[in-house]
Amino acid sequence: MPTMTYLEAISDGLREALRTDERVFVMGEDVGAFGGAFKVTDGFVEEFGEERVIDTPLAEAAIVGTAVGAAVVGMRPVCEMQFADFVACGFDQLVNVAGKTHYRFGLAVPIVVRLPSGGGFSGGPFHSQNPEAWFMHAPGIKVLAPSTPEDAKGLLTAAIRDPNPVVFLEHKHLYRRVKGEVPAGSYETPMTARIARAGEDLTVIAYGAMVHAALEATAPETLDGASVEVLDLRSLVPLDTDAILASVAKTSKVVILDEANETCAAGAQVAALIAEHAFEQLDGPIRRVATPDVPIPFSPPLEQAVLPSVERIRDACRDLLDY
Amino acid sequence: MKALSPRPTGPAVAEDPADAPTRLIPADRVELLRAMLLMRAIEARALALYKQGKVPGSFYDGFGQEAVSVGAAFAMGPRDRLCPLHRDLGAHLVRGVEPTRILAQYMGRASGVTRGRDGNVHFGDPALGVVGMVSMLPDMLCVATGMAMAFRLRGEARVALAWCGDGATSRGDFHEALNWAGVQRLPVVFVLENNQYAYSTPLAKQFAVDPVERARVYGFPGVTVDGNDVEAVFEAVHAARERALAGDGPTLVEAVTMRMHGHAAHDDMRYVPPELLAEWAARDPIERQQRRAAALGVDVEALRAAVDAEVEAAAAEALAAPMPDPDDATRGVFAEREAEPLGDGHAPWSGFAARDGEPPADASPAAEAVA
């Protein structure tokens, strides 16, 4: 099996989709000649031509809106927001047009909107956000957030084949840092959670880049040998309630991570689910580690002060293990 | 720069301008009248139902604007795709939505087009090639632009059409869609339904330059047409469609008309000068087409009576239809089967039946690829 970075795996999945389904095309700002701001579509225009790898005007509402139009007449558009933050400009088209169309009159809208997300690079308030919860709160939109190269490719394939609007959060921190084996050819990863590491004493629930932070913070040699389970959600809509409750039933202690701002984050919904459905199985309070409700600051010491660090995660785990 | 006063001005009644040479045979001209009569009769019936408490929420109509949706939709082929707004009921009628489903839609019945999930004219029948509107009115300009992009990508001789109002021109999506369509020279027609008011806001507070002039700077023509003349609207949109099919890109067609009712049924229009309404009342698009039909020897009264009877039967059927099952409220948020693209709508213009070269339905390469 070839080894790829997270970014290469996304490219590979997208290339595979373009090769195998002529309904698929990609569009976004600078995705053609330049190959995308992060080079996910590098070389695509040479292989697939300008008609299927479309450099668009700088117009996020129109990128999403035209994708909806193309989708309802039979295409499978995959849009790139240059940064996840910019999806705010296309929010209305996603939430009001794409998300509600099937419910209202049964017209499916198979679009994928790729969102390079996350902080840690001095991207500042407009190039660092994790907007997934905006879309969890908007009915009719699936929300995926893979953490490994294999899942990134498989979930992207699943997203493109899905008959619904899907926002696909690809964490910029993982693009070139995470490598792994990736199956060749086309395959779909299910939109369910995955146990990233099995454990008995405590569960850390995370997604995206926070999965790697969780694994590092709870590595076997840390935390006095405690056995910590890390549950990688992979999909936020649909949310794998069964996997969450099963893990909590096993360990009885749970720490929930979000790189996103804390209030109403994905982890808040997970916490609510556990409180409502697994209260009797808990042996301690639900703990959350998230970014406080501030814009992501630019200067490194400020940014590092707000993003969940391995140390903060480890401290939360230690506190809860000692509870 | 054009003045931002309501246009056109001058006498109307009994002094219709001479008709230009037309592609419409007598049966088409009668059908245009019938569709406008049907729109008005349905909306009048629905307004009565609203006053009787049988239409929940609010009620919006296109009284006085019937020519814009009917004339434009009449110019579109079966494989073209349409995005009408809430003053454009006539487009749905031309495409073939049955009146009883529309009246049921207003009343939130299970047999309405959206099965009670959305109200008033917030619907589109996917089987008839129409995408329903959202309340953020210019959004659909982007959607139509995307449909045109797909047509071009697949090499199909098809056109997308979207309507918007004068208020929608102030939103960013209007700019994004028109700019995009101009850059890519897409086969899309934008109909700007200038009805003088966006809710209570008059044109002078909406824009400093008539938006039809913006078309030129987006790289394509903008034309102004009398929006109360259904045949003129048809001709303008037909010409725009021909341009699009020829690969010459988009057209902005500004249809100048007047919203003769309030923004919605609750709105008393105190902000509209009565003399303005009187002037436009004298230009009623249906009366104008009735004069044409009468000149063709059509029994207009019989036609009206047939339409009224059709609507009354449709209303009775809709009133007898059940309300939706509350258990249905949480179903269908997500599609669970392979996405089905929009189907083909009715295209009653005689020119489509007569003309060779209209591609058959479902001949898209993508459809073949799926099969």
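Values quoted throughout were computed directly from the atomic coordinates according to the rules given, and no laboratory measurement underlies them. Computed from a predicted structure; not experimentally measured. So basically every Cβ, Gly included, is an ideal-geometry build from the backbone, and we count neighbours across all protein chains shown.
Between residue A:242 and residue A:187, what's the calculated FRET efficiency when r is the beta-carbon distance and R0 is 22 Å? Round to 0.05. Each step should come with its number before you reach the end.
Working: r = 23 Å, r/R0 = 1.03.
With a Förster radius of 22 Å, E is 0.45.
Between B:67, B:255, B:302, where does the largest GNM mean-square fluctuation fall for chain B, given springs only between Cα atoms within less than 10 Å?
Result: B:302 has the largest fluctuation of those listed.
Hey, fewest Cβ within 10 Å first, where do A:191, B:323, B:136 land in order?
Lowest count first: B:323, B:136, A:191.
In whole Å, what is the distance between the alpha-carbon centres of the stretch B:31-104 and the stretch B:163-205?
21 Å
In peptide B:135-144, how many Cβ atoms from other protein chains are near each Cβ within 10 Å, on average?
Mean number of neighbouring Cβ atoms from other chains: 6.
Measure nothing but the geometry: give the 0 to 90° angle between the long axis through the Cα atoms of A:60-72 and the longest principal axis through the Cα atoms of chain A, rounded to 10°.
Around 70 degrees separate the two axes.
From the Cα gyration tensor of the stretch A:1-128, with a ≥ b ≥ c the square roots of its eigenvalues, which class applies: rounded if a/c is under 1.5, or else prolate if a/b is larger than b/c, or else oblate?
Details: a/c = 1.70, a/b = 1.16, b/c = 1.48.
It comes out oblate by the Cα gyration axes.
In whole Å, what three semi-axes, largest first, describe the equivalent ellipsoid of the protein assembly as shown built from its Cα gyration tensor (square root of 5 times each eigenvalue)?
Semi-axes from the Cα gyration tensor: 52, 26, 22 Å.
Return A:114, B:185 ranked ascending by Cβ neighbour count within 10 Å, so the fewest neighbours appear first.
Working: A:114 28, B:185 16.
Taking fewest neighbouring Cβ atoms as first place, the list is B:185, A:114.
Checking understanding here: applying a Kyte-Doolittle mean of at least -0.5 and a length along the axis of at least 15 Å (C-alpha), which whole DSSP H helices in chain B pass? Mind dumping the intermediate values first?
Values: long enough: B:26-51 (38 Å, 0.42); B:139-153 (22 Å, 1.27); B:172-184 (18 Å, -0.35); B:230-245 (22 Å, 0.34); B:285-295 (16 Å, -1.43); B:300-320 (30 Å, 0.77).
Result, helices passing both filters: B:26-51, B:139-153, B:172-184, B:230-245, B:300-320.
Working from Cα positions, state the angle (0 to 90°, nearest 10) between the long axis of helix A:310-322 and the longest principal axis of chain A.
Between the helix axis and the principal axis of chain A, the angle is about 40 degrees.
Sort A:205, A:296, B:286 by Cβ crowding within 10 Å, fewest neighbours at the top.
Ordered by Cβ neighbours within 10 Å, fewest first: B:286, A:296, A:205.
Based on the alpha-carbon gyration tensor of the stretch A:141-181 and its eigenvalue square roots a ≥ b ≥ c, which shape applies: rounded if a/c is under 1.5, prolate if not and a/b is larger than b/c, or oblate?
Working: a/c = 3.66, a/b = 1.81, b/c = 2.02.
Oblate, since a/c reaches 1.5 and b/c is not below a/b.
I want to verify a result. In a Gaussian network model of chain A, Cα cutoff 10 Å, which of these has the top mean-square fluctuation: A:175, A:103, A:207?
Residue with maximal mean-square fluctuation among A:175, A:103, A:207: A:103.
In a GNM of chain A with a 10 Å cut-off on Cα contacts, which of A:161, A:197, A:177 has the highest mean-square fluctuation?
In the Gaussian network model the winner is A:177.
Among the lysines in the protein assembly as shown, how many pairs, 8 or more places apart or on different chains, have alpha carbons under 24 Å apart?
9
Once you order the gyration tensor axes a ≥ b ≥ c over the Cα atoms, which shape class does chain B get: rounded for a/c under 1.5, otherwise prolate or oblate by comparing a/b with b/c?
Judged from the Cα gyration tensor, chain B comes out rounded (a/c under 1.5).
Within the stretch B:43-81, what residues put their amide N at less than 15 Å from the label point 7 Å along the Cα-to-Cβ vector of residue B:353?
B:78
Once both axes come from the Cα atoms, what is the angle between helix A:6-20 and the longest principal axis of chain A, in degrees from 0 to 90, rounded to 10?
Roughly 40 degrees, rounded to the nearest 10.
Can you list the residues, at least 5 places off or on another chain, whose amide H is less than 5 Å from the amide H of residue B:253, using H built in the peptide plane?
Under 5 Å from the amide H of residue B:253 lie the amide H atoms of B:190, B:191, B:192, B:223, each far enough along the sequence or on another chain.
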